[in-house]
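Undergrad: Provided herewith is a single structure, encoded as structure tokens, for subsequent inquiry.
Each reported figure results from applying straightforward, stated rules to the coordinates on display, with no laboratory input. Since the model is a prediction, treat every value here as computed from it, not as a measurement. All Cβ positions, glycine included, derive from the backbone under ideal geometry; neighbour counts span all protein chains shown.
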Amino acid sequence: MRAKFNSFNQAVRHAFGVVTCAVVVLLMAATAPAQNLFESDSLSGNIYEFTPGGMRTNIASGFSYVNGLAFDTAGNLFVSNFGYGSNNWNITKITPGGAENIFALINNPQAVAFDSSGNLFVANGDPNTGLENITKIATNGTQSIFASGLIFANGLAFDRAGNLFVAYFLSQGGAIYKFTPDGAQSTFFSSASEYPAGLAFNGAGDLFVSDVLNNVIYKFATNGTESIFATGQFRPHGLAFDSSGNLFVGNYTNITEITPGGAQSVFASGLSLANGVAFQPVPELAAAATNGIIQVAVTMPSPYYSTIVQVSTDMVNWTSVCTNTPPFTFTNSIDTTLPCRFYRALLGP
């Protein structure tokens with residue numbers, strides 16, 4: 001089945017935030033825009049899209065064993081097809097309109113993640129060593145080895161400083177490695193009794209980790225302190241935060257939604273090994289005006305893609321006034337002789 005992403009561009013690409021009339025500042029949306037959730041259903045070979053209300057659509061099928069999911073800044077969905085046999089090893093790109101093409105051929109691809117420059121990082125098997133590499137695929141498709149000699153890497157996630165975190169587990173425990181942008185490796189966490197699989201950062205920079213065998217979600221604060229965030233999962237793997245800070249966990253047969261306060265509910269059920277879950281990042285705006293100056297603060301959940309701030313007087317014609325990587329604050333003077341001005345934020349190029 002091949003279908004367009006449901007209301008994808010309209011619901012996700014634009015995040016309206018602020019209107020100014022003289023020195024009055026009004027927030028046009030007090031809550032973050034709703035997002036659709038995407039899930040790789042590994043055993044069925046399907047990619048599902050879920051509306052905020054939980055309605056499911058099959059947007060792609062026929063994969064051998066889908067695993068990691070990641071969005072680029074243009075809203076294209078990248079899927080790692082782990083497969084059975086080398087003819088199924090690839091990264092597939094699915095456009096918002098539903099068109100599919102093979103972006104890269106790569107050995108045993110598993111977890112995937114984009115950095116803020118638009119490069120795709122893939123945890124994949126190395127046929128020469130039997131271990132795993134982290135392969136960097138540039139925007140033009142050129143592949144290079146970013147890190148090598150790893151063991152069964154399951155989860156990838158970038159923090160706001162551009163450091164790459166890699167999770168792995170084996171029968172004797174697991175670890176989380178940290179790689180700086182230039183490739184320097186260190187051990188962030190290691191345990192003989194914990195089994196890290198999925199990774200995700202929240203907007204505050206805390207790292208969340210799914211323990212696939214202990215059925216626990218751990219939280220690592222920005223200072224490295226570990227705590228248990230949630231229990232009662234069943235084989236948790238994929239993790240993703242929505243723009244409101246709710247954590248979505250891909251379990252063996254369902255997706256669990258966990259609020260920032262820890263309240264759990266089943267978001268979707270009847271799945272077949274939900275290894276990957278993903279939202280496209282959404283810029284969020286907040287504003288304040290003092291002494292004739294408006295300040296528009298822009299934030300966004302990881303991976304902190306480049307964001308464009310635009311202004312308009314009629315909500316039809318828009319002018320770009322700032323491009324930066326969140327979190328940042330754009331400052332503009334308030335001209336009382338002009339009509340109301342509207343601000344919005346879009347994902348950057």
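Undergrad: With charges set only on the Cβ (+1 for Lys and Arg, -1 for Asp and Glu), what does the dipole of the chain come to about its Cα centre, in debye to the nearest 20?
TA: 400
Undergrad: Here's something else I'd like to know. For the chain, how many pairs of lysine residues have a Cα-Cα distance under 26 Å, where the two are 8 or more positions apart or belong to different chains?
TA: Working: Lys4/Lys93; Lys93/Lys136; Lys136/Lys178; Lys178/Lys219.
Taking the Cα cut-off of 26 Å, the pair count is 4.
Undergrad: Still on this structure, please answer the following. Please rank Phe38, Phe179, Phe328, fewest neighbouring Cβ atoms within 10 Å first, as an exposure proxy. Numbers along the way, then the final one.
TA: On the way: Phe38 25, Phe179 21, Phe328 14.
By the 10 Å Cβ count, ascending: Phe328, Phe179, Phe38.
Undergrad: Right, here's the next one. Need one number: the % of Cα-Cα pairs in segment 226-345 sitting beyond the 19 Å mark. Let's see the in-between values first.
TA: Working: 4236 of 7140 pairs.
That fraction is 59 percent.
Undergrad: Oh, and also: For Ile217, what is the net charge nearby, where nearby means another residue's Cβ is under 15 Å from its Cβ and Lys, Arg count +1, Asp, Glu -1?
TA: Values: positive: Lys219, Arg235; negative: Glu194, Asp206, Asp211, Glu226, Glu257.
Charge balance in the 15 Å sphere: -3.
Undergrad: If eta is 0.692 mPa s and T is 37 °C, what Stokes-Einstein diffusion coefficient results for segment 230-295, Kirkwood Rh from Cα pairs, in µm²/s? Before the final figure, lay out the partial values.
TA: On the way: Rh = 13.5 Å.
For the chosen part, D equals 242 µm²/s.
Undergrad: Quick one: net charge of Phe201's neighbours, Cβ under 9 Å, K/R +1, D/E -1?
TA: Working: positive: Arg160; negative: Asp159, Asp206.
Counting the neighbours of Phe201, the net charge comes to -1.
Undergrad: Taking Cα centroids, how far is segment 202-239 from segment 34-59 in Å?
TA: Going from one Cα centre to the other spans 22 Å.
Undergrad: For Ile47, what is the net charge nearby, where nearby means another residue's Cβ is under 9 Å from its Cβ and Lys, Arg count +1, Asp, Glu -1?
TA: Values: positive: none; negative: Glu39, Asp41, Glu49.
Net of charged neighbours comes to -3.
Undergrad: As a test of the definition: which semi-axes, in Å, follow for segment 83-171 when you take the square root of five times each eigenvalue of its alpha carbon gyration tensor? Largest first, please.
TA: Details: eigenvalues 82, 64, 28 Å².
Output for segment 83-171: semi-axes of 20, 18, 12 Å.
Undergrad: Please list, ordered by chain and number, the residues whose modelled amide H lies under 5 Å from the amide H of Ala60; skip anything fewer than 5 residues away on the same chain.
TA: Amide H to amide H, under 5 Å and 5 or more residues apart or across chains, Ala60 pairs with Ile47.
Undergrad: In percent, how large is the relative contact order of the chain, given Cα pairs closer than 8 Å and 6 or more residues apart? Could the numbers behind the result be given before it?
TA: Details: 1009 pairs, mean separation 55.8, N = 349.
Relative contact order, the chain: 16 percent.
Undergrad: Here's a follow-up. Per-residue HN-Hα couplings for segment 311-321, Karplus 6.51 cos²θ - 1.76 cosθ + 1.60 at θ = phi - 60°, whole Hz, x for Gly and Pro?
TA: 10, 8, 9, 10, 6, 10, 9, 10, 10, 6, 10
Undergrad: Tell me which residues come under 5 Å, amide H to amide H, from Asn202 once H is placed; ignore anything under 5 positions away on its chain.
TA: Sorted by chain and number, the residues that satisfy this are Phe208.
Undergrad: Can you find, among Ser265, Leu199, Asn88, the residue sitting farthest towards the positive end of the charge dipole of the chain, where Lys and Arg contribute +1 and Asp and Glu -1 at Cβ?
TA: Ranked along the dipole, the leading option is Asn88.
Undergrad: Moving on to the next point. Would you kindly give the portion of the calculated P(r) for the chain that falls above 37 Å, as a percent of all Cα pairs? Don't skip to the answer; put the middle values down first.
TA: Values: 10968 of 60726 pairs.
Percent of Cα pairs beyond 37 Å in the chain: 18.
Undergrad: List the chymotrypsin sites (Phe, Trp or Tyr not before Pro) within segment 41-114 that fall in a DSSP loop (any state other than H, G, I, E or B) and whose Cβ has at most 13 other Cβ atoms within 10 Å.
TA: Details: sites: Tyr48, Phe50, Phe63, Tyr65, Phe71, Phe78, Phe82, Tyr84, Trp89, Phe103, Phe114; in loops: Phe63, Tyr65, Phe82, Tyr84, Trp89.
Filter output for segment 41-114: Tyr84.
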